[in-house]
Protein chains: 2
Amino acid sequence: MDHDLDLSADGAALTAALVDIASVSGDEAPLADAIERALARLPHLRVHRTGNTLVARTDLGRQERVVLAGHIDTVPHAGNFPATLNPERSILTGVGTSDMKSGVAVQLRLAADLAAPSRDVTYVFYECEEVEAERNGLYLLSRSAPSALSGDFAVLLEPSGGVVEGGCQGTLRAAITARGARAHTARSWMGRNAIHAAGEILDVLRSWTPRCPVVDGLEYHEGLNAVAIAGGIAGNVVPDSCVVTVNYRFAPDLSAAEAESYLRSLFASWEVSVLDVAPGARPGLTAPAAAAFVAAVGGTPRAKLGWTDVARFAELGIPAVNYGPGISEIAHTPGEYVEVAAIGDCERRLRSWLTA
Amino acid sequence: MDHDLDLSADGAALTAALVDIASVSGDEAPLADAIERALARLPHLRVHRTGNTLVARTDLGRQERVVLAGHIDTVPHAGNFPATLNPERSILTGVGTSDMKSGVAVQLRLAADLAAPSRDVTYVFYECEEVEAERNGLYLLSRSAPSALSGDFAVLLEPSGGVVEGGCQGTLRAAITARGARAHTARSWMGRNAIHAAGEILDVLRSWTPRCPVVDGLEYHEGLNAVAIAGGIAGNVVPDSCVVTVNYRFAPDLSAAEAESYLRSLFASWEVSVLDVAPGARPGLTAPAAAAFVAAVGGTPRAKLGWTDVARFAELGIPAVNYGPGISEIAHTPGEYVEVAAIGDCERRLRSWLTA
C-alpha cells in the first residue's frame with residue numbers, strides 16, 4: 001500500500017500519520033517511501049536516498065548550514081500501535097510518538113514550509129537507529145558520503161522534553177558466557193548446570209551501583225542491564241552453556257576502550273565477547289555554534305542519558321545537540337506518548353531560529 | 001538413503017550400525033525403516049508399525065508372554081557422532097551407545113535368533129522417548145492399542161549397567177516466569193529488569209538440596225534443574241519477562257500431583273506453568289514375575305533414577321524392570337560410551353532366560 005503524507009496537517013496529525021506507518025528497525029521501507037514522495041513535491045529541496053535513509057537540502061548559498069536529523073525506525077510494538085489521541089486532544093499515545101516520530105514530524109513541517117530559511121538546512125531522515133551500530137543509516141552515510149552531512153551545527157530531534165540536551169552516553173553490548181558440563185537431568189550431579197552458574201552473572205548485575213559523574217557541568221547516569229539471556233539444550237539435559245547479553249550505558253568521561261576494559265574487569269570470571277560499541281560525546285555546549293542555538297531556543301541545558309547520533313556528528317567534528325518534543329523517560333515503554341503542545345512548541349522555536 | 005542392518009553381526013557392530021543412522025527425537029524415520037526391513041525378513045515374527053514405532057511378536061501359544069522394549073531415539077548430538085570403537089575394541093563411543101542403541105541391538109539379536117523361545121516375546125522399538133511425554137511412542141501405543149503391549153512381565157533395555165534396576169523416578173517440567181517492566185536501557189531505572197529478577201529463581205535452584213528417600217528398600221536421588229532460560233526483547237530494552245524452564249526428577253514416593261504441589265510451593269513467588277509430567281513407579285520387585293526374572297539374571301537390584309517407561313507398564317498393570325547394557329551415568333554426555341563386553345553379557349543372560 002502506498003501511504004500519502006500531508007505535510008500541511010498539524011504536528012500531532014502528522015505525527016500520528018507517521019506512527020501509523022509501522023517502521024520497526026529493518027522494516028522502514030514503506031515509511032521511507034512515503035517521506036520520499038512528500039519531499040519530492042517540494043521544489044526548494046534536493047533529495048537523495050540511500051537505502052531507507054533520505055537527505056533533503058536547501059541550496060541558497062547561505063553563510064551557515066545546519067543539519068536537522070532524526071531516525072524513522074522504532075523498537076518493536078508493545079500493544080501500542082496504531083497511535084491514539086486522547087479525548088482532550090492533548091496527548092498522543094503509541095509506539096514512536098516520543099522516540100521519535102514527533103521530531104520527524106517537526107522536521108517535515110519545517111522542510112515543507114521554509115523555502116528560504118536564513119541558514120541553509122540539511123534534513124536527514126535515517127534508518128536503523130534502534131539496533132546495532134553497523135546498520136545505523138547515519139553511520140552508513142558518515143562512511144559512504146560524509147559530505148552529505150557537512151554543516152556548522154547539527155540538531156538531533158531525539159526526545160529531550162523540549163530542553164536542549166548536551167552530549168550523550170555511550171553504549172556497549174557484550175555477551176557474557178557461563179560454562180558448565182552437560183549431563184542427563186536424571187543424574188544432574190554428574191554435570192554442572194550452566195544456567196545455574198549464570199546466576200552469578202545476574203548477581204553482579206543485581207548488586208551493581210550506577211556511576212553518576214559530572215562532565216563539563218552536566219550530570220550523567222550510567223546503566224548496566226541484561227537485555228537477553230539464552231541457555232538450554234533439551235528438556236532432560238543439564239545445559240553446558242548460558243549466554244547473558246548485557247548493555248552498558250556509560251558516561252562520556254569514559255572512552256569506548258575504557259568502557260570495554262571496565263566491563264571485562266567486572267566480568268573477569270567469564271568469557272566476555274563485545275558485540276558492538278558506540279562512544280558517547282561530551283556536552284560541548286561551549287562551542288560557538290552550540291551556544292548560539294541554546295541562546296536562541298532558551299532553557300537550561302541538561303545531560304543526555306540515551307546514546308544518540310550526537311556522537312556521530314562529534315566524530316565528524318560538527319557540534320551537535322539533542323532537542324526534540326518527545327519525552328525520553330517513557331521511550332520504549334508500552335505507555336509511550338508525546339504532548340501535543342510540545343510538538344508545536346518545538347516547531348515554533350526552531351522556525352524562529354531558522355528564519356531570524 | 002536406505003540403510004541395511006545385518007542382525008547376524010556381533011552386538012558391538014550392530015550397536016555401531018544403529019548409532020550411525022542418526023535418530024534424534026522426531027527424526028527416527030530412517031532408523032525405523034531400517035529396523036522394519038530387518039524384522040520383515042524374520043518369518044517367526046509378526047510386525048506392526050505405527051508412526052516410527054514397531055512391534056514384533058512371536059505367537060507360539062506359550063503360557064507366558066514377556067515384553068522387551070527400547071526406544072530408538074537419542075538426544076541431539078554433542079560432537080559424538082558417528083560411533084567409534086577404541087583400539088582395544090573394548091569400548092564403543094558415540095551418541096546413544098548407552099542410551100540406548102546397545103539395548104536395541106540386544107533386542108534385535110534376540111529377535112533374529114530366537115525362533116522358538118520358551119516364553120512368547122513381544123519386541124517393541126519406539127520413538128520420542130527423549131522429549132515430552134505426549135510424543136512418546138510407547139505412550140501413544142498404550143493409548144491407541146494397549147493390547148499390543150499386553151504381557152505378564154516387561155523388560156526395558158534402558159542403560160542399567162547390567163544390573164536390574166527397580167522402579168523409576170518421575171519427571172515434571174514447568175515454566176517459571178519472572179515479570180518486570182519494560183523501559184529503554186538508557187534509563188533503566190524507569191523499568192524493572194525481568195532477567196535480573198529471574199536471578200531469584202536461579203537462587204532457589206542453586207540452594208536446593210535433593211531428597212534421597214528409600215522406597216521399598218531401594219534408595220532414590222532427586223534432581224531439580226533449569227533446562228532452559230529465555231528472555232530479552234531488543235538490545236536496548238529492559239525486558240519485562242524471563243522464563244526459566246525447570247525439570248524436577250522426583251522419587252516414586254511422590255505422586256505426580258504431589259510433585260507438582262511441591263514445585264508450586266517452592267516457586268510460590270512466581271507464575272508456574274506445568275509443561276508435562278510423567279509419574280514414577282515404585283520398584284515392585286516383590287511381584288512374582290519380577291522376582292523370577294531377577295533370580296534368573298542374577299545380581300543385586302538397585303533403584304532406577306532416570307524416568308523410564310517402566311512407569312508406563314506399571315500404569316497398564318504389567319510388572320516391569322530396567323535391565324540393559326548401557327551406563328546411565330554417562331548418558332546424554334559428550335563422552336557417552338558402552339562397554340562391548342556388557343552388550344554380549346546382557347544378550348547372553350536374556351537369551352538363557354528366554355530359552356530355559
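The values are calculated or read from the model by the stated rules, or taken from the named source; none is laboratory data. Note that the coordinates shown come from a computational prediction; the quantities given were computed from them, not determined experimentally. All Cβ positions, glycine included, derive from the backbone under ideal geometry; neighbour counts span all protein chains shown.
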(message) I'm checking my understanding of the structure. Among residues of region B:311-354 that are touching a Cys at 6+ places or on another chain (Cβ under 8 Å) and either at pLDDT 90 or above or more than 14 Å from chain A (Cβ to nearest Cβ) (or both), which one is farthest from B:Ala17 (Cα to Cα)?
(response) B:Asn322
(request) Could you please let me know if A:Ser160 is touching a residue at least 24 places away in the same chain (Cβ under 8 Å), touching a Lys or Arg at 6+ places or on another chain (Cβ under 9 Å), more than 30 Å from B:Trp307 (Cβ to Cβ) and surrounded by fewer than 24 Cβ atoms within 10 Å (Cβ to Cβ)? (result) no
(request) Pull up region A:275-307, narrow it to residues that are of a type in the set (Val, Ile, Thr) and more than 21 Å from A:Leu263 (Cβ to Cβ), then point me to the one that is surrounded by the fewest Cβ atoms within 10 Å (Cβ to Cβ). (result) A:Thr300
(message) Being touching a Pro at 6+ places or on another chain (Cβ under 7 Å) and within 14 Å of chain B (Cβ to nearest Cβ) is the filter here; which residues of region A:66-98 pass it?
(response) A:Ala78, A:Gly79, A:Asn80, A:Ser98
(message) Given the options B:Pro82, B:Pro30, name the one that is free of Cβ contacts under 8 Å to residues at least 40 places away in the same chain and not polar (S, T, N, Q).
(response) B:Pro30
(message) Can you go through B:Ala230, B:Ala226 and tell me which one is surrounded by fewer than 19 Cβ atoms within 10 Å (Cβ to Cβ), among the aliphatic types (A, V, I, L, M), at the interface with chain A (Cβ under 7 Å from one of its Cβ atoms) and within 30 Å of the chain's Cα centre (by Cα)?
(response) B:Ala230
(request) Name, by its number, the condition in (1) over 24 Å from B:Arg143 (Cβ atoms); (2) out of contact with any Ser or Thr (no Cβ under 8 Å at 6 or more places or on another chain) that does not hold for B:Thr84. (result) (2)
(message) Restricting to region A:99-118, and then to whatever is crowded, with 20+ Cβ neighbours inside 10 Å and of a type in the set (D, E, K, R), can you tell me which residue is nearest to the other protein chains (Cβ to nearest Cβ)?
(response) A:Asp99
(message) Give me the residue from region B:249-274 that is not hydrophobic (A, V, I, L, M, F, W, C) and not in a helix (DSSP H, G or I) and, out of that set, nearest to B:Glu222 (Cα to Cα).
(response) B:Arg249
(request) Kindly provide the set of residues from region A:125-150 that are in a loop (DSSP other than H, G, I, E, B) and surrounded by fewer than 23 Cβ atoms within 10 Å (Cβ to Cβ), ordered by number. (result) A:Val131, A:Glu132, A:Ala145, A:Ser150
(message) Checking the conditions here, which among B:Pro239, B:Pro279 is at the interface with another protein chain (Cβ under 10 Å from one of its Cβ atoms) and in contact with a helix residue (DSSP H, G or I) (Cβ under 9 Å, 6 or more places away or on another chain)?
(response) B:Pro239
(request) Can you work out which of the residues in region B:212-223 that are more than 24 Å from A:Ile233 (Cβ to Cβ) and part of a strand (DSSP E or B) is farthest from the other protein chains (Cβ to nearest Cβ)? (result) B:Val214
(message) For region A:20-53, which positions are in contact with a Gly (Cβ under 7 Å, 6 or more places away or on another chain) and either modelled with pLDDT under 95 or closer than 23 Å to A:Ser98 by Cβ (or both)?
(response) A:Asn52, A:Thr53
(message) Going residue by residue through region A:50-62, is there one that turns out to be without any contact (Cβ under 8 Å) to a residue 12 or more places away in the chain, among the aliphatic types (A, V, I, L, M) and more than 30 Å from B:Ala234 (Cα to Cα)?
(response) no
(request) Kindly indicate the residue of region B:123-156 that is in contact (Cβ under 8 Å) with a residue 60 or more places away in the chain and of a type in the set (D, E, K, R) and also farthest from B:Gln63 (Cα to Cα) among those meeting that condition. (result) B:Glu132
(request) Among the numbered conditions (1) closer than 16 Å to B:Ala342 by Cβ; (2) modelled with pLDDT under 95; (3) hydroxyl-bearing (Ser, Thr, Tyr), tell me where B:Ser118 comes up short. (result) (1)
(request) Look at region A:242-260 and say how many of its residues are within 11 Å of another protein chain (Cβ to nearest Cβ) and of a type outside the set (Phe, Trp, Tyr). (result) 7
(request) Find the residue count for region A:168-211, including only residues that are within 27 Å of B:Ile176 (Cβ to Cβ), not basic (Lys, Arg) and not in a strand (DSSP E or B). (result) 22
(request) Mind counting the residues in region B:233-274 that are buried (at least 19 other Cβ atoms within 10 Å of the Cβ), in contact with an Asp or Glu (Cβ under 7 Å, 6 or more places away or on another chain) and more than 30 Å from A:Asn225 (Cβ to Cβ)? (result) 3
(message) For region B:45-98, give me every one of the strands (runs of 3 or more DSSP E) that falls completely inside it and has 1 or more residues that are surrounded by fewer than 16 Cβ atoms within 10 Å (Cβ to Cβ).
(response) B:46-50
(request) Would you please name the residue that is nearest to the other protein chains (Cβ to nearest Cβ), looking only at residues in region B:163-187 that are of a type in the set (Ser, Thr, Tyr) and surrounded by 24 or more Cβ atoms within 10 Å (Cβ to Cβ)? (result) B:Thr185
(message) Restricting to region A:2-44, name every residue that is in a loop (DSSP other than H, G, I, E, B) and hydrophobic (A, V, I, L, M, F, W, C).
(response) A:Leu5, A:Leu7, A:Ala9, A:Ile21, A:Ala22, A:Leu42
(request) Could you grab me the full set of residues in region A:29-44 that are surrounded by fewer than 19 Cβ atoms within 10 Å (Cβ to Cβ) and either among the acidic types (Asp, Glu) or within 20 Å of A:Val155 (Cα to Cα) (or both)? (result) A:Asp33, A:Glu36
(message) Out of the residues in region B:188-211 meeting the condition of being without any contact (Cβ under 8 Å) to a residue 12 or more places away in the chain and more than 7 Å from every other protein chain (Cβ to nearest Cβ), tell me which one is farthest from A:Arg211 (Cα to Cα).
(response) B:Thr209
(message) Every residue in region B:252-282 that is out of contact with any Pro (no Cβ under 7 Å at 6 or more places or on another chain) and more than 20 Å from B:Ile201 (Cα to Cα), please.
(response) B:Pro252, B:Leu254, B:Ala257, B:Glu258, B:Val277, B:Ala278, B:Pro279
